[in-house]
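Down below is the structure, laid out as structure tokens.
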Amino acid sequence: MAELGSKGVTAGKIASNVQKKLTRAQEKVLQKLGKADETKDEQFEQCVQNFNKQLSEGTRLQKDLRTYLASVKAMHEASKKLTECLQEVYEPEWPGRDDTNKIAENNDLLWTDFHQKLVDQALLTMDTYLGQFPDIKSRIAKRGRKLVDYDSARHHFEALQTAKKKDETKIAKAEEELVKAQKVFEEMNVDLQEELPSLWNSRVGFYVNTFQSIAGLEENFHKEMSKLNQNLHDVLLGLDKQYSGNAFPVKAQPSDSTPAKANKSPSPPPDGSPITSPETKTVNHELEPSTLEAPGASIPKSPSQSSLPAVVVETFPATVNGTVEGGASSERADMPPGFLFKVQAMHDYTATDSDELQLKAGDVVLVIPFENPEEQDEGWLMGVKESDWIQHKELEQCRGVFPENFTERVQ
């Protein structure tokens with residue numbers, strides 16, 4: 001029997017809640033259609049707008065603060081690895097080794113302390129500040145529901161009072177429900193009317209304290225870090241003085257400043273790997289200068305060659321079927337006029353101009369000289385794809401320029 005009674009109470013509550021939802025839904029529909037007036041409180045609505053703005057700003061600040069802390073942690077790890085690298089390369093017999101170890105240890109402690117203080121004095125305070133918003137947001141929503149209940153009870157009571165046939169019993173019950181709904185609504189409304197302005201005004205002090213804490217922690221951190229950096233500078237200065245006579249001068253890497261086709265240099269291969277020039281080979285013997293150049297051929301060097309140190313190389317022409325390949329004066333009937341040598345594309349190349357060749361890895365190109373040598377830019381060759389030459393035997397429409405460092409000479 002007790003179980004049946006409990007089930008009956010639960011069913012009654014469910015039915016009551018369902019009825020409340022239906023009544024509220026009907027009241028909202030009537031209000032939207034303009035068939036029922038709605039209790040308005042412009043001052044409270046302004047407080048709600050301020051609350052939502054404050055919540056949005058606080059949430060963004062919390063998110064950005066977490067991002068800042070993650071960046072501090074990443075910088076800590078990067079700084080730690082850098083100092084560990086210094087410790088590894090700093091040889092035991094060098095002066096100041098113990099000092100560098102101590103500096104590295106203090107550097108790690110300083111970053112750790114900075115991060116922890118940011119968590120304690122900024123992030124935890126931020127979390128506490130935002131922790132009060134969910135409860136107030138829930139109460140604002142509940143106040144809205146109770147306001148609808150109050151309006152619904154008020155309209156029901158007014159309808160019974162203005163009815164042609166009055167039922168005093170129903171009017172009395174409706175009045176009782178109205179008083180009850182009004183009391184519940186006003187209690188919640190009064191509390192929120194006091195809390196929301198106070199919460200809104202608290203944001204100023206919170207922002208001031210938060211950013212003052214962050215600024216103060218940063219200032220102290222950078223002061224201490226500056227001292228460590230100065231100590232490290234002094235240690236390294238001592239090392240430099242002791243070994244200054246054996247210092248190895250660090251030379252800047254040569255840059256390719258040669259003007260190229262259309263004011264741009266040919267792009268490096270997609271995989272970034274260096275492509276050595278196909279016509280140069282390092283050998284273990286010396287040749288006379290006269291044997292280092294192919295007769296009649298003037299092949300432009302790639303940008304990578306122009307910046308390399310001078311080495312002993314041989315670039316003698318190859319002989320194919322009794323014909324000197326690479327000689328501008330020698331021609332073959334099955335090759336285009338002025339044929340020099342073959343190259344094969346090692347990487348895809350997308351043409352960016354109408355006079356360029358579109359290359360796919362594996363394409364074989366027959367290299368020919370420029371009609372006007374002055375038009376040749378360093379790092380570029382003129383040629384026609386072998387497949388096009390075999391099919392068309394036409395130079396004017398098939399030839400084009402291409403970057404040398406995307407190809408490899410076919411032996």
Built amide H within the under 5 Å cut-off of ARG409, gap 5+
GLN344
Distance in Å, no decimals, from the C-alpha centre of region 211-241 to the one of region 110-182 is 54
What nm value, rounded to one decimal, do you get for the distance between GLU105 and ILE171 when each label is placed 7 Å out toward the C-beta?
9.2
Stretched fully, the stretch from ASP240 through LYS183 gains (0.36 nm per residue minus C-alpha distance, one decimal, in nm) 12.1 nm
If I take R0 = 51 Å and measure r between the Cβ atoms of ASN52 and TRP94 in this structure, what FRET efficiency does the formula 1/(1 + (r/R0)^6) give, to the nearest 0.05?
0.25
Stokes-Einstein diffusion coefficient for region 83-230 at 20 °C in a medium of 1.002 mPa s, Rh from the Kirkwood formula over Cα pairs: what value in µm²/s?
99
Hz values of 3J(HN,Hα) by residue in region 145-158 - Karplus curve (6.51, -1.76, 1.60), Gly and Pro given as x
5, 5, 5, 5, 4, 5, 4, 5, 5, 5, 5, 5, 5, 5
Taking θ = phi - 60°, what integer Hz values does the Karplus form 6.51 cos²θ - 1.76 cosθ + 1.60 yield along region 174-181, in sequence order, with x for Gly and Pro?
5, 5, 5, 5, 5, 4, 5, 5
Sorted by chain and number, the residues with a modelled amide H under 5 Å from that of MET382, at a separation of 5 or more or across chains, are ILE368
Going down the table (LYS360/LYS385; LYS81/LYS241; LYS40/LYS165; LYS102/LYS227), which pairs top 20 Å between alpha carbons?
LYS81/LYS241; LYS40/LYS165
Taking all pairs of distinct alpha-carbon atoms in region 37-131, Kirkwood radius in angstrom:
17.1
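Can you pull the percent of region 45-176's accessible area that's carbon plus sulfur, 1.4 Å probe, other chains left in place?
Ligands and nucleic acids excluded, carbon and sulfur give 53 percent.
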Under 20 Å from the 7 Å Cα→Cβ point of GLU38, by amide nitrogen: which residues of region 135-157?
137-157
Averaged per residue, what accessible area in Å² does region 44-172 show with a 1.4 Å probe, protein chains only?
61
Residues of region 339-380 with backbone N under 19 Å of the label point set 7 Å from the Cα of ILE390 along Cα→Cβ are 339-346, 358-368
Mind listing the phi-derived Karplus ³J(HN,Hα) values for region 39-48, rounded to whole Hz, using 6.51, -1.76 and 1.60 with θ = phi - 60°, and x for any glycine or proline?
5, 10, 9, 5, 5, 5, 4, 5, 5, 5
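The values are calculated or read from the model by the stated rules, or taken from the named source; none is laboratory data. All values reported here derive from a predicted model rather than from experimental measurement. Cβ coordinates were reconstructed from backbone atoms using ideal geometry, including for glycine residues, and neighbour counts include every protein chain displayed. Surface accessibility is based on the protein's heavy atoms, side chains included, excluding ligands, DNA and RNA. Shrake-Rupley method; radii C 1.70, N 1.55, O 1.52, S 1.80 Å.
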